[in-house]
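Note sheet for the following structure.
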Amino acid sequence: MKNICNIIMIIFVSICICGCKSTKNRDVYRDINNINIEIVSTSELESGIYYTLDVINDSKELIKYVEIMLGYTITKEAKKDGMIGPIMFQGKTVDNPIDLEPGEKKTFTVHVPTPLLKQDKINMDNIQIFIQGYFSEIKIENKFQKSGDIGLINENNKL
């Protein structure tokens, strides 16, 4: 009789544990690759270069507190001199905090000051992007980051 009670108890506990398991599994890689970044325009002024970027949420989830940066890698000579890169600049938009609904697009502006552009220590042909935020709600397990060469980021999104 004790064996039957033990078996019933084990089955009951197993059912409770399996029943409490979360069924919502997010495919983070797919969601991150559904965030698209495009350089819409580049303007060279006396004060520096202004980049206009569009961030498009092609995922099915709300993205909260989006932050984006644009910058450049450094040259081998700069690395030998002890410089660490890439050198990044914060993107700005009129909205704060920046949330993106599914299918929504936000425009950001990034300013790269002229003194930096005159240095031979940066690689102007290698534009780097960094983006971070949260899927659905602000919880550490929902945080994402994506960075790399703008061409490679957009190429990976098409895979």
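The values are calculated or read from the model by the stated rules, or taken from the named source; none is laboratory data. Computed from a predicted structure; not experimentally measured. When we count neighbours, we look across all protein chains shown, and the Cβ atoms used for this are built from the backbone with ideal geometry, even at glycine. Calculation scope for accessible area: heavy atoms of the full protein, side chains included, ligands and nucleic acids excluded. Shrake-Rupley method; radii C 1.70, N 1.55, O 1.52, S 1.80 Å.
Check which residues have an amide H placed less than 5 Å from Ser59's amide H, if you skip close sequence neighbours.
Those lying under 5 Å, H to H, from Ser59 are Gly103.
Per-residue accessible area for Asp81 at 1.4 Å probe radius, Å² rounded to 10?
Counting only protein heavy atoms, Asp81 exposes about 110 Å² to solvent.
May I ask which residue of Met83, Ile56, Ile127 lies farthest towards the positive end of the charge dipole of the range 46-156, with charges of +1 (Lys, Arg) and -1 (Asp, Glu) on Cβ and the Cα centre as origin?
Going by the charge dipole, the pick is Met83.
Using the Cα centre of the range 32-130 as the reference point, and only Cβ charges (+1 on K/R, -1 on D/E), how large is the resulting charge dipole? Debye, rounded to the nearest 20.
Values: 10 positive and 15 negative charges, 75 e Å.
Rounded to the nearest 20 debye, it is 360 debye.
Roll a 1.4 Å probe over the protein heavy atoms and report the accessible area of Lys139 in Å², nearest 10.
The value for Lys139 is about 80 Å².
Amide H neighbours of Ile127 under 5 Å, at least 5 residues apart or on other chains, H built in the peptide plane: list them.
Ile150
Please turn the phi angles of the range 121-136 into ³J(HN,Hα) values with the Karplus equation 6.51 cos²θ - 1.76 cosθ + 1.60 (θ = phi - 60°), one per residue in order, whole Hz, x for glycine and proline.
Coupling constants for the range 121-136: 9, 10, 9, 5, 8, 10, 7, 10, 10, 10, 9, 8, x, 10, 7, 6 Hz.
Can you work out the Karplus-derived ³J(HN,Hα) for every residue in the range 79-85? Use 6.51 cos²θ - 1.76 cosθ + 1.60 with θ = phi - 60°, whole Hz, and x for glycine or proline.
So the J values, rounded to whole Hz, are 5, 5, 7, x, 6, 10, x.
Gain in length, Thr52 to Glu38, computed as 0.36 nm per residue apart minus the alpha-carbon separation, to one decimal in nm?
Roughly 4.2 nm would be gained on extension.
Per residue, how much accessible area does the range 75-151 show when a 1.4 Å probe rolls over the protein heavy atoms, in square angstrom?
On the way: 4720 Å² over 77 residues.
About 61 Å² of surface per residue is accessible.
Using a 1.4 Å probe over the heavy atoms of the protein chains, calculate the carbon and sulfur portion of the accessible area of the range 31-148 as a whole percent. Could you put the intermediate results ahead of the total?
Values: 3160 of 6500 Å².
The computed percentage sits at 49.
Please list, in order along the range 54-68, the HN-Hα scalar couplings obtained from phi with the Karplus expression 6.51 cos²θ - 1.76 cosθ + 1.60 (θ = phi - 60°), rounded to whole Hz, x for Gly and Pro.
Coupling constants for the range 54-68: 9, 10, 10, 8, 8, 7, 9, 10, 5, 10, 10, 6, 6, 10, 9 Hz.
If R₀ is 30 angstrom, what is the calculated FRET efficiency for the pair Thr109 and Ser147, using the beta carbon separation as r and rounding to 0.05?
Efficiency at R0 = 30 Å is approximately 0.95.
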